[in-house]
Structure formats: C-alpha cells, structure tokens
Amino acid sequence: MTSILMVCLGNICRSPLAHGILESKLSEHFIVDSAGTSALHAGELPDQRSISEAQSHGIDISNQRSRQFIAKDFSEFDVIYVMDQSNYDNVIALAKTDEDRAKVKLILSEDPNAQIDEVPDPYYGGADGFAYVFNLLDAACSKIATKLN
Ligand code: 4NP
C-alpha cells in the first residue's frame with residue numbers, strides 16, 4: 001500500500017488542504033496523511049479558511065487534527081511532499097539515510113505547469129490566498145494521482 005505524507009509548517013493551512021485534495025483523487029488503496037514541522041498547532045483543527053475553501057470544492061477536511069512531523073514518519077511513508085524550501089530543510093534535518101532523503105519532494109515539482117516552486121504560506125493573508133493555494137495544490141495533486149492511480 002502506497003502512503004503519502006503532506007508537510008507544511010503548522011499543519012493547519014496548506015498540508016491539510018493537500019491531504020484532503022489528494023485523498024479525494026485516490027482510491028482507498030492509498031494512505032494519505034499530513035503533519036507540520038512545528039508543534040505550534042498540535043491537536044487543532046485545520047484553519048477555518050482551509051476548511052471553508054475545501055468545503056467549497058466538496059472536500060471535508062474537518063476530521064483532520066494537526067500533528068508534528070517526527071523521524072518515524074520516514075519509515076511510515078513512501079513519499080513526503082513538502083510545501084516550501086523551509087519545510088524541506090526542516091524535514092531533511094531529521095533524515096538519517098539517503099533513502100529517507102530521497103522520499104522528500106517539493107509538491108509543486110510534480111506539476112510541470114506550475115510557475116513557482118513553493119506553495120506560499122496563506123496564514124497571514126485573506127481568503128483569496130487560500131483559494132490560490134487550493135488551485136496550486138489541486139493541479140499538483142491531479143498530476144500525482146495520475147502517476148499513482
Ligand atoms: P501552514 O500555515 O504551515 O500552511 O499550516 C501556518 C500556520 C500557522 C503558522 C504559520 C504558518 N503560525 O505561525 O502559527
């Protein structure tokens with residue numbers, strides 16, 4: 001069974017969206033989860049703006065709860081998608097082997113049409129930032145799902 005982990009900083013804005021979007025595009029033969037490099041919001045629901053944006057696309061992410069990324073995730077997951085370079089550096093810092101390091105990828109690297117490399121952090125902005133992030137992640141997750149399904 002292929003397992004995919006989505007990672008951002010807080011695990012309340014971007015990675016919960018990536019988690020919900022990819023899950024909606026894959027069969028039940030896949031495991032999708034998400035985590036944050038920080039424990040700042042551990043135990044919390046996704047940001048209400050992410051919940052609303054997902055809901056407007058028919059995706060329910062309100063069952064998710066934030067948790068911190070831990071080194072053990074390298075053995076639990078086949079692929080670890082990070083949202084930005086800072087997430088990448090923080091995850092790689094916990095890797096022990098080349099096999100661990102090879103699992104970590106910037107999620108937008110999966111979308112050849114993406115104009116940017118990193119998913120911007122929408123936390124301090126408005127709802128339009130969350131809609132923009134949703135669209136970036138939706139396009140990347142479509143490519144990932146086509147590859148995996
Ligand atoms: P995320 O966004 O990494 O996409 O979940 C953030 C959420 C919270 C904070 C920063 C980014 N924060 O500083 O609390």
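The values are calculated or read from the model by the stated rules, or taken from the named source; none is laboratory data. Owing to the predicted nature of the structure, the values given are computational and were not obtained by experimental measurement. So basically every Cβ, Gly included, is an ideal-geometry build from the backbone, and we count neighbours across all protein chains shown. The accessibility values were calculated without ligands, DNA or RNA, using every heavy atom of the protein model including side chains. Shrake-Rupley method; radii C 1.70, N 1.55, O 1.52, S 1.80 Å.
When F69 is evaluated against the numbered criteria (1) within 19 Å of G129 (Cα to Cα); (2) open to solvent by less than 20 Å² (accessible area, probe 1.4 Å), which criterion, by number, is the only one it fails?
Going through (1) within 19 Å of G129 (Cα to Cα); (2) open to solvent by less than 20 Å² (accessible area, probe 1.4 Å) one by one, F69 breaks only (1).
Within the range 21-51, how many residues turn out to be more than 13 Å from the ligand (Cβ to nearest atom) and in a loop (DSSP other than H, G, I, E, B)?
Adding up the residues that qualify gives 5.
Considering each of Y132, Y81, Y88, Y123 in turn, give the residue that is within 16 Å of the chain's Cα centre (by Cα), within 12 Å of the ligand (Cβ to nearest atom), of a type in the set (F, W, Y) and at pLDDT 95 or above.
Unique residue meeting the criteria: Y123.
Failed condition for A54, given (1) farther than 20 Å from I4 by Cβ; (2) outside any loop (DSSP other than H, G, I, E, B), with all others met?
Exception for A54: condition (1).
Mind counting the residues in the range 1-14 that are under 11 Å from M83 (Cβ atoms) and either near the ligand (Cβ under 6 Å from one of its atoms) or over 8 Å from the mean Cα position of the chain (by Cα) (or both)?
Count: 6.
Per-residue answers, yes or no, for (1) farther than 20 Å from Y132 by Cα; (2) surrounded by 16 or more Cβ atoms within 10 Å (Cβ to Cβ); (3) not β-branched (V, I, T):
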| residue | (1), (2), (3) |
| --- | --- |
| M6 | no, yes, yes |
| G10 | no, yes, yes |
| L17 | no, yes, yes |
| E23 | no, yes, yes |
| S27 | yes, no, yes |
| I31 | yes, no, no |
| S52 | no, no, yes |
| D73 | yes, yes, yes |
| F77 | yes, yes, yes |
